[in-house]
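What follows is one structure encoded as structure tokens, with my remarks underneath.
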Amino acid sequence: MYQEQRLTLIINYLSSKKEITLEKICEMLSVSKDTARRDLVKLEERGEIMRIKGGATLPISNGNLIDYKERNATEGKEKIAQRATSLIREKSDLLMDTSSTIALMSKFMFNKEVNVITNSIDIVDLLGEYEQIQSFMLPGKFNRKNRNLVGARTIDTLNDYKVDQLFLGACGISSDGITSPDEEESFLKKKMISCARQVVLLADHTKFEKGFLHKVCEIKNIDVIITDKAPDEEFKSKIIENNIHLIILEEEESERILDGKN
């Protein structure tokens, strides 16, 4: 059975039952738990369901939840997430920021044996499906809009950690640095950066040359940037001057085609 057929059956079930478990999907469609989870992730990306612990339900008509849940998980973002996952080293300690692109990394971490610290309740839920991944949830005040935990307690708890890699989302990235429209989020991101040996920034091309009120860090504080399309030449040069490893998926894809590997 093709995925689209399975997705239709899941939605049909939800239209009458309102809620479905992973076990029910496995039984109903004769698929593995991993396949059932991937189907739910796909439906959530489309905004057709809301994932809950152990299954899914129809979306709640709550403006704050929708603000986060309905961010478009574009093909570009998914490719960025997949490429970011390829940088993860086995048995490493990771810190994962809250962003829709970073949440998509969970789809590709099924074969990773790592420890993950995050303030995102969605990432903790998604990674909970993988027995080999140890997840640690940062404490703090619940932010309904972003479905994460923030505040002084969150920042203070980060003093107890030193991680190998931080996967960071960005609202705005320019030659002036990384910025955010939210003061609490900017302070938290700044603290996360100080806890990591390597900082990997995930940013689709729409984030370039955007600036917001609150400064997170200088561009030089980033070690790796993964994006779908190249920034303009001037900004690209600035990135390279700061010894940042710039990964542009569009260029990698072009190289694969030229090499006859696609």
**Study point:** Gaussian network model of the chain, Cα within-10 Å springs - most flexible of S175, S135, S15
**Key:** S15
Check your understanding: When all C-alpha to C-alpha distances in region 92-156 are sorted into bins of 10 Å, what percent of pairs does each bin hold, rounded to whole numbers?
Key -> 22, 56, 20, 1
Point to revise | region 3-59: C-alpha pair distances exceeding 17 Å, % | key: 21
Study note, to complete from the structure: Under 5 Å from the placed amide H of Q198, counting only residues 5+ away or on other chains, we find Q165, L166
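Volume per residue, Å³, of the convex hull around the alpha-carbon atoms of region 137-262?
Details: hull volume 16.1 nm³, N = 126.
Roughly 128 Å³ of hull volume per residue.
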Exercise for review: Measure nothing but the geometry: give the 0 to 90° angle between the long axis through the Cα atoms of 75-85 and the longest principal axis through the Cα atoms of the chain, rounded to 10°.
Suggested key: 70
Practice item. Treating the angle as unsigned and between 0 and 90°, give the value, to the nearest 10°, between the Cα long axis of helix 33-45 and the longest Cα principal axis of the chain. Key: 70
Study note, to complete from the structure: GNM on the chain, Cα springs under 10 Å; top mean-square fluctuation among S237, S99, S16 goes to S16
**Study point:** Sequence-distant residues sharing a close amide H with S92 (under 5 Å, placed H)
**Key:** N115
Exercise for review: Find the relative contact order for the chain and round it to a whole percent, using C-alpha pairs within less than 8 Å whose residues are 6+ positions apart.
Suggested key: 13
Practice item. Enter the Cα centre distance for the pair region 192-212 and region 122-174, rounded to the nearest angstrom. Key: 15
Practice item. For the chain, find the longest principal axis of its Cα atoms and tell me its angle to the long axis of helix 183-194, 0 to 90°, nearest 10. Key: 70
Point to revise | Counting all C-alpha pairs of region 145-217, share separated by more than 20 Å (%) | key: 28
Study note, to complete from the structure: Candidates T157, T179, T98; GNM for the chain (alpha-carbon contacts under 10 Å) flags as most fluctuating T157
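Readers should treat all values here as calculations from the given coordinates under stated rules, not as data from a laboratory. Because the structure is predicted, anything quoted here is derived from the model rather than measured.
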